[in-house]
Amino acid sequence: MAAKLIKGTEIREQILEEITSDVKQIKEKHGVVPGLVTILVGANPASISYVTLKIKTAHRVGFTEIQDSQPETITEAQLLALIDKYNKDESINGILVQLPLPKHIDEKKVLNAIDPDKDVDGFHPVNVGRLMIGGKEVKFPPCTPAGIQEMIVRAGVETSGAEVVVVGRSNIVGKPIANMMLQKGKGANSTVTIVHTGTKDLATHCKRADILIVAAGVPGLVKPEWIKPGACVIDVGVNRVGEKVSEKTGQKIAILRGDVDFDAAKEIAGSITPVPGGVGPMTITMLMLNTLKALKYKLGIE
Ligand code: NAD
């Protein structure tokens with residue numbers, strides 16, 4: 001039997017509608033809307049396209065959006081001063097610095113300079129600590145893991161007591177999603193195993209998973225026979241495996257594959273995310289949700 005598809009494109013629409021409606025209500029009641037600033041240094045084409053999408057989404061949900069583009073030659077001190085300015089700006093609730101930064105700038109120093117209460121990416125050590133503590137301490141869960149958890153919940157998959165296996169231990173996906181799934185509460189309370197490049201027998205661990213979350217960046221790493229029948233499979237991997245000509249635009253576009261052999265896996269899994277159109281669309285959506293939360297915390301309504 002074919003698995004139920006968990007479509008990030010559909011869930012994104014639901015969440016963006018919810019955010020838009022919340023923004024309207026807050027505006028009516030409190031006279032303010034969430035403010036997001038996106039700082040882009042230089043002209044990396046991939047960064048420009050991410051930032052453009054973030055700005056478009058922010059406008060769609062009714063946020064005030066400031067795009068602050070800086071030249072490649074900006075010094076670290078100047079960038080830190082800019083962050084300080086936005087930290088103090090009452091109209092700004094979320095500060096986003098698009099990575100990567102030029103080599104002469106210390107990324108860690110810049111990210112750590114963001115006020116943790118405006119760190120809507122959730123990468124500041126204070127927010128990483130809050131996530132580890134869990135419960136009401138959590139302010140801004142990092143966007144991709146938050147998107148994964150939201151998809152699992154909205155797909156109606158039972159997480160309490162479930163065996164969750166996470167493939168990958170990166171700071172942006174593997175470690176935070178593992179941490180989130182083991183906390184007490186809705187969409188979590190799972191028994192979590194993290195597997196990685198040091199794991200002896202990947203297959204045996206994966207086969208136990210009721211929920212298998214794969215974020216390795218290796219196309220087709222997870223074989224269909226590693227999937228427990230009926231399991232929920234979340235494929236975070238986005239791997240460029242070639243190019244094709246777009247039917248819509250006639251331009252060359254990347255062929256993307258996940259870390260799971262999708263065609264075979266969908267015959268075994270109970271539910272599964274496609275690539276593209278699965279986890280991918282959730283990241284910017286959750287960034288919007290975190291920015292909305294930042295304003296709500298400030299107003300004392302969350
Ligand atoms: P990363 O390279 O930082 O980490 C990959 C992890 O996978 C490492 O911890 C490594 O130990 C593990 N790993 C790699 N090969 C392995 C193997 N053969 N066996 C076991 N473990 C292995 O990557 P990341 O930033 O966590 O991203 C992972 C994938 O998710 C990438 O394809 C990336 O493009 C994608 N991604 C997608 C989104 C999104 O859709 N919004 C966001 C972030 C990352």
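The values are calculated or read from the model by the stated rules, or taken from the named source; none is laboratory data. Values in this document were obtained by computation on a predicted structure and should not be read as measured data. Quick reminder, even Gly has a Cβ in these numbers, built from the backbone with ideal geometry, and neighbours come from all protein chains shown.
Check Met288, Met282 and return the single one that is under 16 Å from the mean Cα position of the chain (by Cα) and either more than 22 Å from Met181 (Cβ to Cβ) or modelled with pLDDT under 95 (or both). Working first, answer last.
Values: Met282 fails: either more than 22 Å from Met181 (Cβ to Cβ) or modelled with pLDDT under 95 (or both).
Criteria check complete, one pass: Met288.
Restricting to region 145-178, give me the number of residues that are within 16 Å of the ligand (Cβ to nearest atom) and either of a type in the set (A, V, I, L, M) or buried (at least 22 other Cβ atoms within 10 Å of the Cβ) (or both). The total comes to 18.
If the requirement is being within 11 Å of the ligand (Cβ to nearest atom) and out of contact with any His (no Cβ under 6 Å at 6 or more places or on another chain), which of these qualifies: Thr199, Thr191? Selected residue: Thr199, the only one of Thr199, Thr191 that is within 11 Å of the ligand (Cβ to nearest atom) and out of contact with any His (no Cβ under 6 Å at 6 or more places or on another chain). Looking only at region 90-118, residues that are without any contact (Cβ under 8 Å) to a residue 40 or more places away in the chain and either touching a Gly at 6+ places or on another chain (Cβ under 8 Å) or among the basic types (Lys, Arg) (or both) come to 3 in all.
Candidates in region 243-283 are the residues that are surrounded by fewer than 21 Cβ atoms within 10 Å (Cβ to Cβ) and of a type in the set (A, V, I, L, M); of these, the one that is farthest from the ligand (Cβ to nearest atom) is Val245.
Checked against (1) closer than 21 Å to Glu302 by Cβ; (2) assigned to a helix (DSSP H, G or I), Lys85 passes all but condition (1). Here region 90-134 is the region considered, the condition is being part of a helix (DSSP H, G or I) and among the small types (Gly, Ala, Ser), and the residue that is surrounded by the most Cβ atoms within 10 Å (Cβ to Cβ) is Ala113.
The residues of region 136-145 that are farther than 13 Å from Ile213 by Cα and either of a type in the set (A, V, I, L, M, F, W, C) or touching a residue at least 12 places away in the same chain (Cβ under 8 Å) (or both), listed by number, are Val138, Lys139, Phe140, Pro141, Pro142, Cys143.
State yes or no: is Val32 surrounded by 21 or more Cβ atoms within 10 Å (Cβ to Cβ) and outside any helix (DSSP H, G or I)?
no
Scanning region 222-237 for residues that are within 10 Å of the ligand (Cβ to nearest atom) and in contact with a helix residue (DSSP H, G or I) (Cβ under 8 Å, 6 or more places away or on another chain) turns up Val222, Asp235, Val236.
Only one of Leu202, Leu221, Leu212 is without any contact (Cβ under 8 Å) to a residue 40 or more places away in the chain and surrounded by 13 or more Cβ atoms within 10 Å (Cβ to Cβ). Can you tell me which?
The unique qualifying residue is Leu202.
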